[in-house]
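See below for the structure under consideration.
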Amino acid sequence: MKRIVSTIALGAAMSFGATMALAQTPGRTTLQNIQAKGFIQCGVTQGLAGFSMPDSAGNWTGMDVDFCRALAAAVFNDPSKVRFSPLSAKDRFTALQSGEIDVLSRNTTWTLQRDTSLGLNFSVINYYDGQGFMVRKSLNVKSARELSGASVCVQTGTTTELNVADFFRANNLKYEPVVFATADETVKAYDAGRCDVFTTDASGLYAERVKLQRPDDHMVLPEIISKEPLGPAVRHGDDQWMDIVKWTHFAMVTAEELNISKANLDQMLQSTNPEIRRVLGIEGNNGEALGLTKDWVVRIVRHVGNYSEVFDRNVGPTTRLGIARGLNALWNKGGLQYAPPIR
Amino acid sequence: MTDGTLPARGDVAPKVAFFNDPKVRSLIFQALALALLIFVIYTAISNAVTNLTNQRIAAGFGFLDQTAGFGISQTLIPWAESMSYGRAFVIGLLNTLLVAVVGIFLATILGFVVGVARLSPNWVISKIAYWYVEIIRNLPLLFQILFWYLAVLAAMPAPRNSYSLFGLFFANQRGITAPRPVFEAGAIWIGAALVLGIVAAFVVRSWAYRRQAETGEQFPVVPTMWGIIIGLPVLAYLATGMPISFNYAEQGRFNLTGGMTIIPEFVALVIALVAYTAAFIGEIVRAGIQAVSHGQTEAGRSLGLAEGRILNLIVIPQALRVIIPPLTSQYLNLAKNSSLAVGIGYPDMVSVGGTILNQTGQAIEIIAMWMGCYLTISIVTSIFMNWYNERIALVER
């Protein structure tokens, strides 16, 4: 239903929207629209542990959710001023193109196609991921190269679907793809025994495994067959909003780098270090250049935290997912997370 | 007018203003409506083009030639990931047609059985048919599809412990596997013999009918027809040196390899669509039969016809006139409902098209293609059923 609604919305928006799209008031920037309606509409998954999932009380949690909360904190100084649209992999781009959502923060892989012909803009990578395979331990498979002839459950509209085709083709292996519209259907069919293999981003494998009937009967194979740089996306045509999204991520990474956290924020506000003073908006007017306030980074860190706090809280080693920082460690600690200077 | 004669009709223009002339008026209104329609369509298209250009989303059908790069689980024509989006869409379309044709065929049979059973004098049979109709048609179809899918999967063993029939046919969670015929050179003659056999059978039938009409002598038409239809290809098969061999399924590492497999998504979808549509067809058939006056049956009995012949020769031909028009709607429903396949991962037109839509972002084009295809399927079905309806309509003399 959601798909049909957003598709119709897209058709209508494309056809009759004067400048941008139906849900957006024409002639205004995305930021002005958000300020006028009083909240950010954020596209997330329909439930992926650690990234975006509603808890038992209906509150959304996860890394992708926290990113939207950080945006709300930066714009409104209130992380609750965000509404979430759960989207399947297939519907997500249409929802963004049609203006139904303001930002897509839905473990979405950045690819050239999506950045160009889908009319989206990616700008930062808030999680470096790669695609993996999960199988039943009883199959005694040790490597993905032994999977010739296997049935593979995969979700439609994902880079995963294409990567798995490439992988089997490149290695000259046969396979039977069984393609489902939502992550839930895919996992359910795998659990029911329809497929030998379930494939998605490695982080997703760990997140979905906890949903299986007997999680311990399943294992993740060692191979990572692709690069999956996940990040938030916005529509083409509004550079200011793209800048805000981009620098919100950089602000969280910079805060971690400078050791500014939720806990020591008030202490840091007394700091004499010019870099910290500049980042926290005590000196300079970086926030205003973005169209926000001077204390935008303070707001983000106070309400949401720095990058490591977000990571550890949602997917880190102490959570059920237990994912190590790996590629997502800071650049000076052996990882790839690197933010341009805030000045 | 003084001489008392009336002017001839049409000589004098009516003395009303042109905007009060009903003819002129209706022309003006029609022109206005047309202009408005054209304006709306033009605005919609030009706005869509402008907005797409503004967002730098490519438009047009050029993407259909690009490499698709994804796999499809059931393909009626050969498929490889390196082929184009256009071919992928055609494969989806063929899968939709396959479900529609198989579904319509089976739903018609089951529906007629249910409809006749509903009227059976046997209390148990008629109650079973009654509850079947009442339960099935009151449950949502998507729910039934998911039920059958998970039921089929749950009932079947893992591929390493397949159910097997004579070691030729297998059933497991990956589907139903049968030996795959391999056609070698000369096999074409068998196909030709089959076509020839069917034509010959119908020639024999019309000859037998004509002879019965002229002389009253009967001829065993049905056994002869089957004899010709089956016998000719078998003769051809033997004469050409048995050019068909079979590729048998064998146990592979994960699943059976070889043979040909019907995937569980197809089985579940067909079962659900057939069961659901047959409940409606059953009611239509019952209504059609009840629409034939009981006097017709009695007339048949008084002529001394057997019950089966009364049904075949008197009741059903008259009932069909009532049955066909609503039956057409059910056929159309079945074809359109097959789009729910996307819920269980059957690669139909909506599922494959959705993947293409998502990979390329060409929403408007794909939706237009979906609409065009469903519209064509429905209209062709309608045209055929209308033709059939006219053919069986009561000939009034």
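Readers should treat all values here as calculations from the given coordinates under stated rules, not as data from a laboratory. Everything numeric here is computed off the predicted structure, so don't read it as measured data. We place every Cβ from the backbone using ideal geometry, glycine too, and count neighbours over all the protein chains shown.
What number comes out for the charge environment of B:Arg87, summing +1 per Lys or Arg and -1 per Asp or Glu over other residues with Cβ under 12 Å away? Result for the local shell: -2. In the stretch A:131-226, the DSSP beta bridges split such that about 50 percent are antiparallel, to the nearest 5.
Working ranking of peptides B:67-77, B:235-245, B:340-350 by packing, defined as the average number of other Cβ atoms within 10 Å per residue, highest first, is B:340-350, B:67-77, B:235-245.
List the chymotrypsin sites (Phe, Trp or Tyr not before Pro) in the stretch B:108-201 that DSSP assigns to loop (not H, G, I, E or B) and whose Cβ has at most 12 other Cβ atoms within 10 Å. Which are they? Show your work: numbers first, answer last.
Numbers: sites: B:Phe112, B:Trp123, B:Tyr130, B:Trp131, B:Tyr132, B:Phe143, B:Phe147, B:Trp148, B:Tyr149, B:Tyr163, B:Phe166, B:Phe169, B:Phe170, B:Phe183, B:Trp189; in loops: B:Phe166.
Passing both the DSSP loop test and the Cβ count: B:Phe166.
Couplings 3J(HN,Hα) of the stretch A:263-269, computed from phi: 5, 9, 4, 5, 4, 4, 5 Hz, in residue order, whole Hz [Karplus 6.51 cos²θ - 1.76 cosθ + 1.60, θ = phi - 60°; x for Gly and Pro]. Structural descriptor for the stretch A:131-226: relative contact order 48 percent, calculated from alpha carbon pairs under 8 angstrom and at least 6 residues apart. Straight-line cross-link partners of A:Lys333 among the aspartates and glutamates, defined as a Cα under 13 Å from its Cα and at least 8 positions apart when in the same chain: A:Glu256, A:Glu257.
Electrostatic tally near B:Asn255: other residues with Cβ closer than 13 Å to its Cβ, Lys and Arg +1, Asp and Glu -1, net +2. Could you tell me the calculated FRET efficiency between A:Asn332 and A:Ala170, based on Cβ-Cβ distance and R0 = 35 angstrom, to the nearest 0.05? The computed FRET efficiency comes out at 0.50. Each principal axis of the Cα atoms in chain B has its own extent, and those three values, largest first, are 105, 77, 49 angstrom.
Between B:Ser84 and B:Ala158, residue separation times 0.36 nm minus the direct Cα-Cα distance comes to 23.2 nm. With contributions of -39500 (n - 2.57) from each DSSP H run of at least four residues, the per-residue ellipticity at 222 nm computed over the protein assembly as shown stands at -16500 deg cm²/dmol.
Here the label points at B:Arg205 and A:Asp78, each 7 Å from Cα along the C-beta direction, are separated by 7.7 nm in the simple model. Just so you know, the averaged projected area of the alpha carbon convex hull for the protein assembly as shown sits at 50.8 nm².
Is the stretch B:157-282 rounded, prolate or oblate when judged by the Cα gyration tensor, a ≥ b ≥ c being the square roots of its eigenvalues, rounded requiring a/c under 1.5 and prolate requiring a/b larger than b/c?
On the way: a/c = 3.60, a/b = 1.60, b/c = 2.25.
It comes out oblate by the Cα gyration axes.
Label-to-label distance for B:Ala185 and B:Ile45 is 5.4 nm, based on points extended 7 Å past Cα in the beta-carbon direction.
Out of all DSSP beta bridges in chain A, what portion is antiparallel? Express it as a percent rounded to 5.
55 percent
Across the stretch B:123-131, coupling constants 3J(HN,Hα) worked out from phi with the 6.51/-1.76/1.60 Karplus curve, θ = phi - 60°, read 4, 4, 4, 5, 5, 4, 4, 4, 5 Hz, and Gly and Pro carry x. For A:Ser85, what residues show an amide H to amide H distance below 5 Å, using hydrogens built from the backbone and excluding near sequence neighbours? Those qualifying (amide H under 5 Å, at least 5 residues apart or on another chain) are A:Cys42, A:Gly43, A:Val44.
Looking at the stretch A:249-333, I'd like the Rg to Rh ratio, where Rg is from alpha-carbon atoms and Rh is Kirkwood's inverse mean 1/r. Rg/Rh for the stretch A:249-333 comes to 1.01. Per residue of A:153-166, other chain Cβ atoms within 10 Å of the residue Cβ number 4 on average.
Centre-to-centre separation between the Cα atoms of the stretch B:186-206 and those of the stretch B:124-148: 40 Å. Other residues whose C-beta falls under 15 angstrom from the C-beta of A:Ser80 contribute a net charge of +3, scoring Lys and Arg +1 and Asp and Glu -1. Remark on the stretch A:131-226: ratio of C-alpha radius of gyration to 2.2 N^0.38 Å is 0.94. Taken over the Cα atoms of the stretch B:11-146, the convex hull encloses 346 Å³ per residue. The convex hull built on the alpha-carbon positions of the stretch B:215-340 has an orientation-averaged projected area of 14.4 nm².
Put a dot 7 Å past the Cα of A:Thr319, heading toward its Cβ, do the same for A:Asn140, and the two dots end up 3.7 nm apart. The stretch B:336-397 and the stretch A:80-128 have Cα centres separated by 31 Å.
Shape index of the stretch A:173-283: Rg/Rh, with Rg the Cα radius of gyration and Rh the Kirkwood radius from the inverse mean 1/r over Cα pairs, equals 1.18. Summarising the amide proton neighbourhood of A:Tyr175: residues at separation of 5 or more, or on other chains, whose placed amide H is nearer than 5 Å comprise A:Gly149.
Summarising the amide proton neighbourhood of A:Asp129: residues at separation of 5 or more, or on other chains, whose placed amide H is nearer than 5 Å comprise A:Glu228, A:Leu230.
Cβ screening of the protein assembly as shown for cysteine pairs under 4.7 Å finds these without a partner: B:Cys373.
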